[in-house]
Ligand code: BGC
């Protein structure tokens, strides 16, 4: 059996661990995490564990404003960092065998098997342990978060004595007395509201969210079938507990099933929460474990239908890409515009579970192509709903006239990031938010979105750029001063090419959008002009003037765009000149040394060439790629994917594959030795992009959906599915041919270089 360096089995549909290693508990908690798009949690053991663990259960959208902690306070810093906080530990089951608690850190583990079945999102753990008192027992724990009932959770926990008759005591519990490991001031974020027999309710301090957790349990033991009322209730403040004890003969199994109801004030009035949680738990119990499992299998099969990727001849790559798709599907399903995609999803506390530019730059195309227009639209509306906050945010920094600066990090529209180089200067995020609207419309054809919401966002962003850009008398050009590009290893630079380019592009696109809405949706146009005090003629004239006069750095001799002023003054070294012991630079070098070096954290100029590929000829992209990629250290997980796509577009297949490998199993192989903190969920969208847009060669070009597939040498075949304007397209690529199958209405597409007609429910085959 093939395993990786974390001793995980390579399997097409499962993440499997076959031994227990306390040193790996934290990383496995991240990798085996479960989610249903609105809540999720790390793969903590159900029974209390006294070894190193990070408890994590998160309710999307429920956050705590943790007071900012910085060295030197700068005016304009936000007061807090919003954190999607660690919530009640609802999975708990205490186990005692002849009075001794089962704690994996304190027993002998004879056998251990854990699998996360990605096809249906079910976590199973089987183990045999020898207690200190000599009793040997087998345990099987199965857990899932039903996709069909988003407020429910299910655990089935079975104990079987093996070598002698024992007394097994099981206490299913919910513990709401939990904390965040990353609290800035060691505060507890929750305060208790009430605890009754089977339910506990808490409120977040300051932000005032409330949530209730209820359990309804059953016990099967021979012919006996018990329900909660038959258990001894040991509930106490913030702890729901029900205990039962049975004497079991060897091989006689006692099976506990816990149905949890988890409801928050996002969806219920606080005074109705306890009853709501109770009723979700009771309904789940009435449905029963088998029915819930069948529902889960069906719901996940439907999910996978529109987005699976198959890779022939490379089992590790197959598992890697499925894991990425699976985690993205578990994190966001587009059912609620208040939710978004935190960089770690529901797998850890890092990045606070809040929203970054990652959503627009990396995740949106994944959801567009796999979940469809409606889900992607929810992501755009999230920003639309936060537009007034973005205007307030810009106003705090001194911008007026309805200019919007979207936050670098947010959950409710307010900026949370507090490092001036990023908070105030990494303003390219505004460009990504504008670009996402364009990306959505060109893929879906839904131009009406401009009239409904898009134009307001675009014009407010354009207004920001128009004020943020400066006229330079010395250069007689417009310049952009004091910014941080995507490459965070340079701060406070002037004329970062990427930021300036996307700013100009945003202003041009906003002007086009205004003209479209004026022409096609006059009533919306009038509403928007009045609401946003928009004077199209004068404002677009100003944008046009700036775009025409903008300075965009170039080095004509090298034929490249200049990442920023002075980049070529730096000592020019390549990442390959670095000794491996110096990597990662952010851990080994002083910040001063990093800032002065030429090394690039992640795609910067190349991010622009990726977004705006159609604006540049192949040679230009190639020269820039050949110059910048070797200087890039890829110390953001978001970096290799963009490079892999560009390399594939340029036909540099070995390079594309090398970069793809760095992204595809980043977490499964724990490439950066940090998966214990959580998985890089947003970068998983980048991995998907590198397969579909890179090797699959999918892009929208001149309004036409295009596929130019190329297989890396290590793969025998590649198959992927995308949703496109009401149809599901299946693309299958081998060395001999490319095939596209259509479930839906006919369309024109460009396949392997030629424009072709794909009939309704038809199939196109191109022999290579
Ligand atoms: C990257 C940012 C990204 C953030 C969250 C940082 O390391 O440089 O581009 O938004 O991580 O994923």
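Values in this text are rule-based calculations from the coordinates and carry no lab data. Source: prediction; values computed, not measured. No Cβ is skipped: glycine too gets one built from the backbone with ideal geometry, and neighbour counts run over all protein chains shown.
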Could you check the simple spin-label distance between residue 187 and residue 472, using points 7 Å along Cα→Cβ, in nm with one decimal? 4.4
Mean-position separation - Cα centroids, region 27-71 and region 114-163, in angstrom: 19
Computed over region 443-536: relative contact order in percent, which uses C-alpha pairs under 8 Å that are six or more apart: 28
Proxy reagent accessibility, fewest Cβ within 10 Å first, across 121, 169, 717: 717, 169, 121
Can you give me the relative contact order of the chain as a percent, contacts being Cα pairs under 8 Å and 6 or more apart? 12
For region 574-638 the translational diffusion coefficient, Stokes-Einstein from a Kirkwood Rh over Cα pairs at 4 °C and viscosity 1.567 mPa s, in µm²/s, is roughly 101
With the crude spin-label approximation of a point 7 Å out along Cα→Cβ, what separation in nm comes out for residue 717 versus residue 545? 6.1
Taking a ≥ b ≥ c as the square roots of the eigenvalues of the Cα gyration tensor of region 181-314, is the shape rounded (a/c under 1.5), prolate (a/b larger than b/c) or oblate? oblate
C-alpha long axis of helix 618-628 to longest principal axis of the chain, angle in °: 60
Volume of the Cα convex hull of region 257-387, divided per residue and given in Å³: 158
May I ask you to sort 473, 17 by Cβ crowding, counting other Cβ atoms within 10 Å and putting the fewest first? 473, 17
Between residue 253 and residue 194, what FRET efficiency follows from the Cβ-Cβ distance if R0 is 45 Å, with the result rounded to 0.05? 0.80
With angles folded into 0 to 90 degrees, how steeply does helix 373-385 sit against the dominant principal axis of the chain? Use alpha carbons for both and round to 10. 80
So how do 661, 768, 595 line up by other beta-carbon neighbours within 10 Å, fewest first? 768, 595, 661
If each residue of separation counts as 0.36 nm, what is the full-extension length gain between residue 568 and residue 119 once their alpha-carbon separation is subtracted? 156.7 nm
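Indicate the gyration tensor shape class of region 324-470 (rounded, prolate or oblate), computed on the Cα atoms with a ≥ b ≥ c the square roots of the eigenvalues: a/c under 1.5 is rounded; otherwise a/b larger than b/c is prolate and the rest oblate. List each step's numbers first, then the result.
Working: a/c = 2.10, a/b = 1.24, b/c = 1.69.
It is oblate, given that a/c is not under 1.5 and a/b is not larger than b/c.
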Helix-only estimate, please: 222 nm mean residue ellipticity of the chain, summing -39500 (n - 2.57) across DSSP H runs of length 4 or more and dividing by its residues, to the nearest 500. -9000 deg cm²/dmol
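Shape verdict for region 377-429, please, from the Cα gyration tensor: rounded (a/c under 1.5), prolate (a/b greater than b/c) or oblate.
Taking the square roots of the gyration eigenvalues as a ≥ b ≥ c, region 377-429 is oblate.
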Looking at the chain, send over the antiparallel percent of its DSSP beta bridges, to the nearest 5. 95
When all C-alpha to C-alpha distances in region 32-305 are sorted into bins of 10 Å, what percent of pairs does each bin hold, rounded to whole numbers? 7, 29, 33, 21, 7, 2, 0
Please work out the Cα center distance from region 640-714 to region 299-377, rounded to the nearest Å. 14
Using only Cα atoms and rounding to the nearest 10 degrees, what angle (0 to 90) does helix 522-532 make with the longest principal axis of the chain? 80
Rounded to two decimals, the Debye log10 I(q)/I(0) of region 448-510 (Cα scatterers, no solvent) at q = 0.21, 0.29 Å⁻¹ is -0.86, -1.19
By average Cβ neighbour count within 10 Å, what is the ranking of 207-220, 338-351, 247-260 from highest down? 338-351, 207-220, 247-260
Give the dimensionless ratio obtained when the Cα radius of gyration of region 57-168 is divided by 2.2 N^0.38 Å. 1.56
With the alpha-carbon atoms as the only input, what is the per residue convex hull volume for the chain in Å³? 169
Region 32-305: relative contact order in percent, alpha carbon pairs under 8 Å with at least 6 residues between: 18
How large, in Å, is region 93-252 by the Kirkwood hydrodynamic radius built from its alpha-carbon pairs? 17.6
Round to a whole angstrom and tell me the spacing of the C-alpha centers of region 509-536 and region 190-210. 46
